[in-house]
Amino acid sequence: MDAPSTAPLEPLAEDFSSVLCVVAHPDDIEYGTAAAVARWTEAGKTVTYFLLTRGEAGIDTMAPAEAGPVREAEERASAAVVGVTEVDFGDHPDGNVEYSLDLRRDIAREIRRRKPELVITGDYGNRFVAGMLNQADHRAVGLACADAVADAGNRWIFPELVDEGFEPWNVGVLAFMGTPTPTHYVDVGDKVDVAVASLEEHAAYNSALPDEFPKPDQLVPMILEMGAKAAQAEGVTHALALDVVNRR
């Protein structure tokens, strides 16, 4: 990470029983977060995924009408590897997701429907981990999710959701993955292999990446080793680093 904090990270308190991961694209969860998901599902926690697009613009050699169903299927298979069976998709256009009331409403609806204690989404800053530029859809979804967490708990924001049968729900903890400014970590030292296997399920997408792009068995360990370096915790070799906002 570029200019990481010198302070060790705190371990994430895992006293929650339900998690909702909200991201823009198929494979966003698989770049490290899936390792923590595997830990949590193994412990009996309920984890669900909500993706705002089907990633239909993500494969240069495949037309969107063909790529969308392929990438949706790959995400469902990827989720199953780490114990997740509930995967839902929005209908926002891949590559053209805009921060909007509609985007906030869609996420708030899913939060009210799933009733998670912990919501994980992507960092919405301009820079990603290691100083890389953050992609436009990631920024829009991350910011909308941060706002939708508050929306989900307020019956007077999007009152039509109550009419649809979705009562307000207050999320206890919000966490951002891929952040250059993490505050907490999850020790996933024994979940690296399953996280790699989860990313490998994105076969069509991975095969279309440039040859020089790191393969899953290189990239996932590298990301989680960076998290462990940020954590600075004795005996932790691989970790998911998160920026955590406690809303309790």
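The values are calculated or read from the model by the stated rules, or taken from the named source; none is laboratory data. Just so it is clear, the structure is predicted and the values come from calculations on it, not from any experiment. Positions of Cβ are backbone-derived with ideal geometry, glycine not excepted, and every protein chain shown enters the neighbour counts. Side chains included, ligands, DNA and RNA excluded: accessible areas come from the protein's heavy atoms. Shrake-Rupley method; radii C 1.70, N 1.55, O 1.52, S 1.80 Å.
Extents of the stretch 125-209, taken as max minus min of Cα coordinates on every principal axis and listed largest first, are 44, 29, 27 Å. Of Leu161, Leu209, Leu219, the residue with the greatest mean-square motion in the GNM of the chain, using alpha carbon springs below 10 Å, is Leu209.
Report, in cubic angstrom per residue, the convex hull volume of the C-alpha atoms of the stretch 88-232. Don't skip to the answer; put the middle values down first.
Numbers: hull volume 19.8 nm³, N = 145.
Per residue, the Cα convex hull of the stretch 88-232 comes to 137 Å³.
The charge dipole of the chain, taken about its Cα centre with unit charges on the Cβ of Lys, Arg, Asp and Glu (plus for the first two, minus for the last two), comes to roughly 740 debye.
At 1.4 Å probe radius, can you tell me the per residue accessible area of the chain in Å²?
45 Å²
Could you tell me what percent of the accessible area of the stretch 6-46 is made up of carbon and sulfur, with a 1.4 Å probe and every protein chain present?
Ligands and nucleic acids excluded, carbon and sulfur give 49 percent.
Restricting attention to the chain, close to 30% of DSSP beta bridges with both partner residues there are antiparallel.
How high is the relative contact order of the stretch 123-248, given as a whole-number percent (alpha carbon pairs under 8 Å, six or more residues apart)?
Working: 162 pairs, mean separation 37.2, N = 126.
The normalised contact order for the stretch 123-248 reaches 30 percent.
What are the equivalent ellipsoid semi-axes of the stretch 14-83, built from the alpha-carbon gyration tensor (square roots of five times its eigenvalues), in whole angstrom, biggest first?
Numbers: eigenvalues 137, 21, 16 Å².
Equivalent ellipsoid of the stretch 14-83: 26, 10, 9 Å, largest first.
Springs between Cα atoms under 10 Å define the GNM used for the chain, and in it the highest mean-square fluctuation of Thr237, Thr61, Thr179 occurs at Thr61.
In whole percent, what relative contact order does the stretch 38-89 give with Cα contacts below 8 Å and a gap of six or more residues? Write out the running numbers ahead of the final one.
Working: 55 pairs, mean separation 23.9, N = 52.
Computed value for the stretch 38-89: 46 percent relative contact order.
Convex hull volume of the Cα atoms of the stretch 78-150, normalised per residue: 121 Å³. Each principal axis of the chain carries a Cα extent, and these read 49, 44, 34 Å when sorted largest first. Between Ala73, Ala208, Ala136, the Gaussian network model of the chain with springs among Cα atoms under 10 angstrom shows the greatest mean-square fluctuation at Ala208. Sequence gap at least 6, Cα distance under 8 Å: using those rules, report the relative contact order of the stretch 62-176 to the nearest whole percent. Computed over the stretch 62-176, the figure is 29 percent.
Ligands, DNA and RNA left out, the 1.4 Å accessible surface of the stretch 70-111 is 45% carbon and sulfur atoms.
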